[in-house]
Amino acid sequence: MAFGIVECRAVAASNGNGLVGLVIVSHSAAIAGGLAELVAQVAGPDVPIVTAGGGPDGTLGTDGGRVLEALRTVDEAGAVVLADLGSSLLSVKAALAELSPGEAGRIVLADAPLVEGAIAAGVTASTGASMAEVAAAAEEARRVSKL
Amino acid sequence: MSASSELTLARLPATVALHARPAGAFVRAAAAFAATIEVQANGRRANAKSILEILGLGADGGTELTISASGEDAAEAVAQLASLIAGLS
């Protein structure tokens with residue numbers, strides 16, 4: 001079930017608690033859903049997370065309509081988008097262009113590795129940090145050594 | 001109020017490594033303080049407010065961490081974080 005994680009643990013990248021949310025975009029629904037679970041475990045359950053994983057027919061790929069739908073769930077608190085590769089990023093950029101300037105202004109696409117970026121962003125968002133701080137935490141993942 | 005610098009040692013429980021979930025709890029607690037906080041272990045140092053840097057310490061159960069902080073709430077920060085480390089389960 002390609003969109004299951006969204007229905008079972010979060011319906012939106014915003015939940016009214018004022019925390020910046022995450023939007024996770026991947027070619028694989030399993031990657032997006034599994035990463036959302038991992039972020040919730042490390043960052044706690046309060047950070048709103050929405051996923052858009054997989055292609056329109058449940059296969060590997062990207063679904064621009066689903067990405068747009070996910071971005072439209074973001075409220076005034078804002079959200080940081082993390083995407084895996086290539087067309088995931090293109091889908092996000094295309095979806096951002098469909099939004100009104102007001103909607104697009106509360107979303108930042110992070111230039112970060114997906115797993116590490118989402119963990120860093122999620123933990124930072126859980127502390128009540130601003131959208132810019134959450135995005136910066138995600139992008140810091142490019143320089144932090146793992147070993 | 002003058003800023004202070006504080007340093008304390010804290011040992012991870014023998015059976016608890018500073019892996020993803022405990023590290024998340026630690027970083028979220030650290031973020032509540034205004035102080036600049038650093039953790040040293042295994043010859044590495046990490047910003048206590050960066051989950052990826054804390055995970056990068058690779059601190060296994062039983063590792064002794066040096067927690068240092070500077071800023072107005074440095075004393076509370078090191079005390080609370082040391083207590084959190086010692087109490088992880």
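The values are calculated or read from the model by the stated rules, or taken from the named source; none is laboratory data. Quick caveat, the model's predicted, so the values are computed rather than measured. Here the Cβ is made from the backbone with ideal geometry for all residues, glycine too, and neighbour counts use every protein chain on show.
Every condition in (1) within 10 Å of chain B (Cβ to nearest Cβ); (2) over 16 Å from A:Ser14 (Cβ atoms); (3) at pLDDT 95 or above is met by A:Ser145 except one, and the failing one is (3). Each residue in the stretch A:78-108 was checked for being crowded, with 20+ Cβ neighbours inside 10 Å and either more than 17 Å from A:Thr51 (Cβ to Cβ) or not polar (S, T, N, Q) (or both), and 11 of them qualify.
Going through (1) crowded, with 16+ Cβ neighbours inside 10 Å; (2) away from chain B (no Cβ under 14 Å); (3) closer than 30 Å to B:Ala23 by Cβ one by one, A:Leu68 falls short only on (3).
Has the stretch A:87-95 got at least one residue that is within 20 Å of A:Ala30 (Cα to Cα), within 14 Å of chain B (Cβ to nearest Cβ) and not hydroxyl-bearing (Ser, Thr, Tyr)? Scanning the stretch A:87-95, I find no residue that is within 20 Å of A:Ala30 (Cα to Cα), within 14 Å of chain B (Cβ to nearest Cβ) and not hydroxyl-bearing (Ser, Thr, Tyr), so the answer is no.
In the stretch B:3-52, the residue that is farthest from A:Arg143 (Cα to Cα) out of those that are without any contact (Cβ under 8 Å) to a residue 24 or more places away in the chain and more than 11 Å from the chain's Cα centre (by Cα) is B:Ala32.
Might you check whether a residue that is of a type in the set (D, E, K, R) and either within 14 Å of chain B (Cβ to nearest Cβ) or in contact (Cβ under 8 Å) with a residue 24 or more places away in the chain (or both) occurs anywhere in the stretch A:113-122? Yes: the stretch A:113-122 contains one or more residues that are of a type in the set (D, E, K, R) and either within 14 Å of chain B (Cβ to nearest Cβ) or in contact (Cβ under 8 Å) with a residue 24 or more places away in the chain (or both).
For the stretch B:26-56: of the residues being more than 10 Å from chain A (Cβ to nearest Cβ), surrounded by fewer than 20 Cβ atoms within 10 Å (Cβ to Cβ) and part of a loop (DSSP other than H, G, I, E, B), which is modelled with the highest pLDDT? My answer is B:Ala34.
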